[in-house]
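Some notes on the structure that comes next.
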Ligand code: PGA
């Protein structure tokens, strides 16, 4: 089996003013300096307003920084948007694209997500492409089909294990405290990997990281991260506390 290094990614969403955001980043940087690093890659995705100062704190440490979204164009008349080139310019290494909150709040389609991921990769960023079914879709027995079709529609054409990470985030588990069972998570992750294999070939599929997201916490992380096809986590609520995020990273 190919060894995939796990990625623990914090998605701060629209949370954090200067004082708490910088304290959070500093707390993680101090942990990394202070002792043995966890056996995973560590990433934080602050709101756009905090990317520059968080990147300054993370510089020279093993903490990577990413954007929560990016535009599909590199520059131009797009008021309020942020281009992937701007993210790279600030020191970002990653951009999340297609989070379900973006898909819902901003009506982002698979095609939009694919264009954003493609632009992120062209800017030298690793795109974290998010997919996931709603509760209604799960209850209707459409889970695998929905995730397969979102993956087909959202995966950038030039996706490789080096420029792409997939995040499976069941919408019903995001911010709800209701986490997927290990069996539910593994079933979808395995189906995603099979779909990646048919699209990109077995070798690439076996190296591409697939994160689980949705109410991952210190007390359920170990079990989820031990699943054969779960290669890390995309963490919202629990990424806002140094101790919780660190405990999840240490579960790797
Ligand atoms: P949550 O969010 O950990 O708060 O459920 C996860 C996400 O939306 O990325």
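Bear in mind these aren't lab numbers, they're just calculated from the coordinates by the rules spelled out. Source: prediction; values computed, not measured. With ideal geometry, Cβ positions are generated from the backbone for all residues, glycine too; neighbour counts draw on all protein chains shown.
So how far, in whole Å, is the C-alpha centre of segment 118-195 from the one of segment 31-54?
23 Å
Could you pull out which residues in segment 73-98 have an amide N less than 19 Å from a spot 7 Å beyond the Cα of residue 111, following the Cα-Cβ vector?
Only 73-74, 98 fall inside the zone, counting backbone N under 19 Å.
What does a probe at residue 144 reach in segment 151-187, counting residues whose amide N is under 11 Å from the point 7 Å along Cα→Cβ?
Residues 187 qualify, since their backbone N sits under 11 Å from the label point.
Can you give me the relative contact order of the chain as a percent, contacts being Cα pairs under 8 Å and 6 or more apart?
Value for the chain: 20 percent.
Grab the Cα-Cα distance for residue 206 and residue 39, subtract it from 0.36 nm times how many residues apart they are, and report the gain in nm with one decimal.
Length gained, residue 206 through residue 39: 58.2 nm.
Hey, any idea what the orientation-averaged projected area of the convex hull of the chain's Cα atoms comes to, in nm²?
The number I arrive at for the chain is 12.4 nm².
Under the definition of Cα pairs under 8 Å and six or more residues apart, what whole-number percent is the relative contact order of segment 17-96?
28 percent
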